[in-house]
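Step one of this worksheet: look at the structure below.
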Amino acid sequence: EAGLALPAADPQAAAQEKKRQGLSDWVELAGQWFEAELRRPVGREARAYLERRGLPESEWSRFRLGYAPQGRTALKDYLVAKGARPGELVEAGLLIAPEAGGSPYDRFRDRIIFPIADARGRVLSFGGRAMDPKERAKYLNGPESPLFHKGRTLYGIAEARKILAAAPPNESPPLVVVEGYMDAIACQRAGIAAVAPLGTALTEEQMELLWRLHPEPTLCFDGDRAGQQAASRAID
């Protein structure tokens, strides 16, 4: 109707999109499994931790919080039984393939799981907080994958969009950038649109995402020296 030429069919792009959709389906199924594990007996300590942090059970579904149990191949076994190939799960960032060879194993073990979604709420990857205080990496994000590019993604952006959209037309609520998952969740529970970068400095791509949602995002990093320096660098 507009007189525009239709884009030419690109078989390569179509094949890549089909592959991405397949990986996306496994990531979504993994998210559902993590959510279910949190509510099973194996998730007892994780549930207690969330309650101690002031996150009641009534809020877990809103943020799709989950738990990855200790077993080395618990998620792998579940998804393979559903028809997944281990190679696909490695590519999606759900499994780790040992460098020396051998069978892939679960990336997230004994961790509270925070799904990382795009602006439309589709899960791209996961972040996990270790339950064991002796664990070397307290927080662990999924790796770069065909679905997930951490420099182009902001944690909590779908929920932040909902909060901004729900504001009265004559109001301009703030859009706040905080440091961590729990900070973003605390703000969103208080009705403040908040997002968090994923363990790295704020990138130009993330800033573009912010400016699409708000003319003047507010940086609210931690008050320590590292947080102040990160804010200064982002402002520059």
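How much accessible area per residue does the stretch 91-236 have, counting only protein heavy atoms and a probe of 1.4 Å, in square angstrom?
With all protein chains present, the stretch 91-236 gives 53 Å² per residue.
Work out Dmax and Rg for the chain from the C-alpha atoms and quote the Rg first, both in angstrom.
19.2, 63
Convex hull over the Cα atoms of the stretch 1-139, averaged projected area in nm²?
Here the figure is 12.3 nm², rounded to one decimal.
Taking Cα pairs under 8 Å and at least six residues apart, what relative contact order does the chain come out at, in percent?
14 percent
When the accessible area of the stretch 168-236 is split by element with a 1.4 Å probe, what percent falls to carbon and sulfur?
52 percent
With both partners inside the chain, how many of the DSSP beta bridges are antiparallel, as a percent to the nearest 5?
Antiparallel bridges make up about 75 percent of those DSSP assigns within the chain.
Give me the one-decimal nm value for the distance between modelled label points at residue 186 and residue 212, 7 Å along each residue's Cα-to-Cβ direction.
For residue 186 paired with residue 212, the spin-label model returns 2.9 nm.
Would you look at the GNM of the chain, springs on alpha carbons closer than 10 Å, and say which of 125, 24, 172 moves the most?
Its mean-square fluctuation being the largest, the pick is 172.
Starting from the Cα of residue 19, draw a straight line to each of the lysines and keep only those under 20 Å, dropping any in the same chain fewer than 8 residues away.
Straight-line reach from residue 19, under 20 Å: 76, 82, 150.
Given the DSSP H assignment, sum -39500 (n - 2.57) over each helix run of at least 4 residues in the chain and divide by its residue total; what's the result at 222 nm in deg cm²/dmol, nearest 500?
For the chain, the value works out to -12000 deg cm²/dmol.
Where in the stretch 58-101 are there GluC sites (Glu not before Pro) that are in a DSSP coil and have at most 12 other Cβ atoms within 10 angstrom of their Cβ?
Here the sparse-neighbourhood loop sites are 99.
Please report the spacing between the Cα centers of the stretch 203-236 and the stretch 51-113 in Å, no decimals.
After rounding, the separation between the Cα centres reads 30 Å.
More than 14 angstrom separation, counting every C-alpha pair in the stretch 105-157; what % is that?
51 percent
Could you give me the radius of gyration and the Dmax of the stretch 35-109, taking only the C-alpha atoms into account and expressing both in angstrom?
According to the Cα coordinates of the stretch 35-109, Rg and Dmax are 14.4, 44 Å.
Ignoring the sites themselves, what is the longest stretch of the chain with no trypsin sites (Lys or Arg not before Pro) in a DSSP loop and at most 14 other beta-carbon atoms within 10 Å?
139-236
For the stretch 1-136, which whole-number percentage of the solvent-accessible area (1.4 Å probe, protein heavy atoms only) is attributable to carbon and sulfur atoms?
50 percent
Rolling a 1.4 Å sphere over the protein heavy atoms, what is the accessible area per residue of the stretch 1-48, to the nearest Å²?
Ligands and nucleic acids excluded, the figure is 72 Å² per residue.
Name the aspartates and glutamates eligible as straight-distance cross-link partners of residue 138: C-alpha to C-alpha under 13 Å, and not fewer than 8 places from it in the same chain.
110
The values are calculated or read from the model by the stated rules, or taken from the named source; none is laboratory data. Quick caveat, the model's predicted, so the values are computed rather than measured. Methodologically, a virtual Cβ is constructed for each residue, glycine included, from the backbone with ideal geometry; neighbour enumeration extends over all protein chains shown. Note: areas computed on protein heavy atoms with side chains; ligands, DNA, RNA excluded. Shrake-Rupley method; radii C 1.70, N 1.55, O 1.52, S 1.80 Å.
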